[in-house]
Amino acid sequence: MKLLGKTAWVTGASSGIGQATARALAAEGANLVISARREDRLQQLADELRATGREVCIAPVDVSDRQGMQQVGVLIAAQGGVDILINNAGTMPISPIINGRVDEWEQMIDTNIKGVLYAIHAVYSGMAERKQGHIVNISSVAARLTYPSAGVYAGTKHAVRAISDTLRKEGIRYGVRVTDVQPGAVSTELPDSIVHDKIRAAVKENMYGEEMANLKPEDIANAILYAVTQPAHVDVSELLIRPTVQE
Ligand code: NDP
């Protein structure tokens, strides 16, 4: 077990990539802090992982709640800190910019950018003091490309990639490694977060249909596991993972 004795905080652990990553890290021996808004799902996952011998702490919190995230940081610090942060929580209520769905833009910015920063802020000083830590930010293939209707979403993911690379450079002196993971299409609940009816239907049909050979959350969890189990002198800075069939 490569992560025995380590503790990891996974945000957005109630479904999809976060849930699969929590399972993968636990299978390698890590103890966990798991967070998301849906507490019932976190409870189920915690029960499952505790049955395998892992210690699991639940932190039901909205990542866009700055004070709530600070409180999670205090809780984590009181328990000795975390070795790994998987900054995964995200949302994708996309629509053409002409539609002016400003509330949805703000939700993406608050969750995908501010939420990522709040989680970093909650653990970073502790990692720097201990001179070791690993922060994994989940951006997207949309951190490199743009798509019509996904301007704000792609903007948030470009921001996460830029923040990740900056943090990687700043973290060298503190022994804190940073990895930016950029998934292509993964079969999860993410398209359900699209509020615009026509866009949701089109995205579900054209990108996330049953017949699509998309990635599974476990594929991304495996990539994350690879990054966080490298020796201390190796920083896996970026991982771009697409379904083989995705252009
Ligand atoms: P899911 O919808 O399955 O998971 C999203 C997770 O984020 C859930 O656990 C959800 O929990 C949590 N979350 C959403 N908003 C908030 C919030 N405000 N506060 C706290 N938690 C929140 O989608 P994925 O697993 O696919 O998404 C995980 C990450 O991967 C996201 O950052 C997404 O952008 C990224 N990604 C996904 C791709 C895909 O094709 N699926 C492709 C590229 C990147 P809850 O609702 O309980 O709070």
Problem - Assigned charges on the beta-carbon of Lys, Arg, Asp, Glu; segment 87-224 dipole about Cα centre (debye) - result: 680 debye
Practice task
Would you mind ranking I220, I194, I98 so that the residue whose beta carbon has the fewest other beta carbons within 10 Å leads the list?
Solution key: I98, I194, I220
Completion exercise
Expressed to two decimals, segment 143-247 has a Cα Rg over Rh, using the Kirkwood radius, of 1.02
Handout entry: Size of segment 50-129 as Cα extents on the principal axes (Å, biggest first)
Key = 49, 32, 18
Exercise for the section: Tell me the Kirkwood hydrodynamic radius of segment 86-215 in angstroms, computed as one over the mean inverse distance between distinct C-alpha pairs. Expected result: 15.5 Å
Practice task
Report the local net charge at D235: Lys and Arg +1, Asp and Glu -1, summed over other residues whose C-beta lies under 9 Å from its C-beta.
Solution key: +2
Fill in the blank from the handout: The ratio Rg/Rh over the Cα atoms of the chain, Rh being the Kirkwood inverse mean 1/r radius, stands at 0.95
Fill in the blank from the handout: So, relative contact order of the chain in percent, Cα under 8 Å, 6 or more apart, is 20 percent
Problem - Degrees between helix 217-228 axis and first principal axis of the chain (Cα, 0 to 90, nearest 10) - result: 40 degrees
Exercise for the section: Assuming 0.692 mPa s and 37 °C, estimate D for segment 16-77 with Stokes-Einstein, Rh taken as the Kirkwood radius over Cα pairs, in µm²/s. Expected result: 274 µm²/s
Exercise for the section: With a bin width of 10 angstrom, please list the P(r) values of segment 1-108 as percents of all Cα-Cα pairs, from the 0 bin to the one holding the largest distance. Expected result: 15, 43, 27, 11, 4, 0
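Throughout, read-outs are computed from the coordinates displayed, never taken from laboratory work. Remember, it's a predicted structure, so these values are computed and weren't measured experimentally. Reconstructed Cβ throughout: ideal geometry from the backbone, glycine too, with neighbour counts over all protein chains shown.
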